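J.: This structure is in structure tokens; I'll ask about it shortly.
What follows draws every value from the coordinates through simple rules; no lab data is involved. Because the structure is a prediction, the values reported are computed rather than measured. Cβ coordinates were reconstructed from backbone atoms using ideal geometry, including for glycine residues, and neighbour counts include every protein chain displayed.
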Amino acid sequence: MTTDRRVDMQGRIGRWGSLFRPGAWGARPWLYAGWLLLLLAVVLDRPLTRTMSLHMLVHIPLILFSGLCFARAWVLRDRDAWAWLSGFNGHGLAGLLFFNLVGAYWMIPKALDEVLLSWPAALSKYVSVLIAGWVLYHSLRRANIVIQVFFIGNFCWMTAIVGLLYRDNPVRLCNFYLLDDQEIAGNGLVALSILLPAIWFWVWRRRIWDFLR
């Protein structure tokens, strides 16, 4: 066998072997899910931002979950993928703070209006929420239960307060959304503030039980 043929065969074996690396196949569904969610958010951008309730309760979460899926795929592909971020995100504090700040900003009525007026504002929404989802996954893996309770409780409390303001305010807070839709969005945010702790408890139930024992 000539040297060139041997090198070519080794290259083919290497490419096939990479398919069987730990996590190579397990990462693909998460990667595809991330791209699918992001594609849905882009393709359905106009109909999903036409109403305030769909904008806040469907469109923004689509982008957020896309970032979560990308982060999960990255970890499954390379277990040491987050090593460079660990120094900046000790115990998940910086990442959870960033997630709370991004979430708070996109609850501001003026920010929602700007998205419909300016493409840079719309692009900033995609980028910031996508990164927030990405960092959230890493932060929840590093944060202990006490830190998670503090930040998730703060986010849910903030979401409930904003939802009540939207629901009970007799004046339109967004120029592009009707008052009735503002009330629906407010009710949805209040429901979300109740649902999120239940989801968190179910996802981390084993870790919570180990912490309490």
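J.: Where does each of Ser139, Ser128 land when they are ranked from fewest to most other beta-carbon atoms within 10 angstrom?
T.: Ascending number of Cβ neighbours within 10 Å: Ser128, Ser139.
J.: Sticking with this structure for a sec: Given the peptides 110-122, 196-208, 48-60, arrange them by the average over their residues of other C-beta atoms within 10 Å, most packed first.
T.: 48-60, 110-122, 196-208
J.: Quick check: residue separation of Arg206 and Leu179 times 0.36 nm, minus the Cα distance between them. What number comes out in nm?
T.: Gain in length upon complete extension: 5.5 nm.
J.: Take every Cα pair under 8 Å in the range 24-212 that's 6+ residues apart, average their separations, divide by the length, and report that relative contact order as a whole percent.
T.: 24 percent
J.: When 1/r is averaged over all different Cα pairs and the result inverted, which Kirkwood radius in Å belongs to the range 24-212?
T.: Kirkwood hydrodynamic radius for the range 24-212: 17.4 Å.
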